[in-house]
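Take a look at the structure below.
The values are calculated or read from the model by the stated rules, or taken from the named source; none is laboratory data. This structure is a prediction, so every number in the text was calculated from the model and none was measured. We place every Cβ from the backbone using ideal geometry, glycine too, and count neighbours over all the protein chains shown.
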Amino acid sequence: MRNYHLAPDGARWKLTRENDGTLLFFETKEDAVEGCAAYMGEHPGSLKIHRANGSFEEERTYPRSMDPIETKG
């Protein structure tokens, strides 16, 4: 499974794929989360979402059926 990160980059947000570099830029975190969901629909993997200060916030797996943890959340 590929790993992706959504993290702040100055005043904007960027989506990166581990070991491959930046893929997309977004102006706001809200736009970034929506844009990443659309992108991940075509590129299965794990998305790690970070806070504005760079710390880890949450992880989402796309498609959901690939999530190894059986939870409803």
### Task
Report the residue count in the stretch 24-44 for those that are modelled with pLDDT under 95 and in contact with a Phe, Trp or Tyr (Cβ under 8 Å, 6 or more places away or on another chain).
5
#### Entry: Answer residue from the stretch 24-42, given it is surrounded by 13 or more Cβ atoms within 10 Å (Cβ to Cβ) and under 11 Å from the mean Cα position of the chain (by Cα) and is nearest to residue 2 (Cα to Cα) among those
40
### Message
Within the stretch 50-59, does at least one residue satisfy the condition of being in a loop (DSSP other than H, G, I, E, B) and of a type in the set (D, E, K, R)?
### Response
yes
